[in-house]
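Input: a single structure, listed below in structure tokens.
The values are calculated or read from the model by the stated rules, or taken from the named source; none is laboratory data. Computed from a prediction, not measured in an experiment: that's the story for all the values here. Positions of Cβ are backbone-derived with ideal geometry, glycine not excepted, and every protein chain shown enters the neighbour counts.
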Amino acid sequence: MSNTDKIFGIHAVESVLSRNPQNVLQLFLLKNRKDKTLSKIETLANKAGIKCQSMDRKKMDERVHGNHQGVIAEVKIADSVMNESELLEMARDREDLRLLILDGVTDPHNLGACIRTAEAAGVDAIVLPKDRSASMNATVRKVACGAAENVPLVKVTNLARYIKQLKDEYVWIIGTAGEAETSIYQTKPPKKLAIVMGAEGTGMRRLTRENCDELVYIPMAGSVSSLNVSVATGVCLFECVRQSEL
């Protein structure tokens, strides 16, 4: 099952044209703008047999909320890249696995940034609760810069219960919490791992926290008490990447 959505911005549209041009239904470029960036997008579209349509700035501004940078694509979007059972099967079959679990990240910019970071860190799938997460809208996809089409997203009905199911498949669950006693740099993550990041401000919910195998914190040297969730996600994921390469 799929629906349509709008993707806008240079990097987001270029990414979908490079990786999944078959999903592009329509492409709109700013009228009378001629530069190398849009020429590259037009070349990619021509290679894929996609007709570019010119549109004036006022109409483009009306179509999307955000900085479209002179390019908007209407694309087919899959409702669900991977379901709960498929991820559990992957966890059962794999000896190494890296997952990101986002418990209540409701800001679209933060969600997009987390997805982009996860893709860069080689995450196999991202788990989200169905009822406490930002929707996969155009803003998320623009911030993710194409990563949303590459990392499977798994939306689950009951996050605490699903974490228990992952644990049954020997996935080690590491949650992040400011009051934890172990630093992310002191832990030794195993090959089958899920990192849990909590909501902006409030952190993980109680049941999510109680189902973690281990809680860690990020050492802070400055005066601020916490990091933006997407920044914290990057710190934790890439520390796991570093340790896996030792």
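Considering 131, 61, 103, 56, the condition of being over 19 Å from residue 231 (Cα atoms), in contact with a Ser or Thr (Cβ under 9 Å, 6 or more places away or on another chain) and among the acidic types (Asp, Glu) is satisfied by 131 alone.
Within the stretch 100-144, the set of residues being at positive phi and surrounded by fewer than 21 Cβ atoms within 10 Å (Cβ to Cβ) comprises just one member, 122.
A quick yes/no check of all residues on (1) under 24 Å from residue 109 (Cα atoms); (2) touching a Lys or Arg at 6+ places or on another chain (Cβ under 7 Å); (3) without any contact (Cβ under 8 Å) to a residue 12 or more places away in the chain:
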| position | (1), (2), (3) |
| --- | --- |
| 8 | yes, yes, no |
| 27 | yes, no, no |
| 40 | no, no, no |
| 52 | no, no, no |
| 72 | yes, yes, no |
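Number of residues in the stretch 1-38 that are aromatic (Phe, Trp, Tyr) and more than 12 Å from residue 50 (Cβ to Cβ) equals 1.
Quick check: is even one residue across the stretch 224-233 over 20 Å from residue 117 (Cα atoms), surrounded by fewer than 19 Cβ atoms within 10 Å (Cβ to Cβ) and assigned by TED's automatic domain parsing to the domain that holds residue 161? There is at least one residue in the stretch 224-233 that is over 20 Å from residue 117 (Cα atoms), surrounded by fewer than 19 Cβ atoms within 10 Å (Cβ to Cβ) and assigned by TED's automatic domain parsing to the domain that holds residue 161.
I'd like to check which strands (runs of 3 or more DSSP E) are fully inside the stretch 130-236 and have at least 1 residues that are under 16 Å from residue 106 (Cα atoms) and in contact (Cβ under 8 Å) with a residue 40 or more places away in the chain.
Details: elements: 153-156, 172-176, 192-198, 214-217.
Output list reads 153-156, 192-198.
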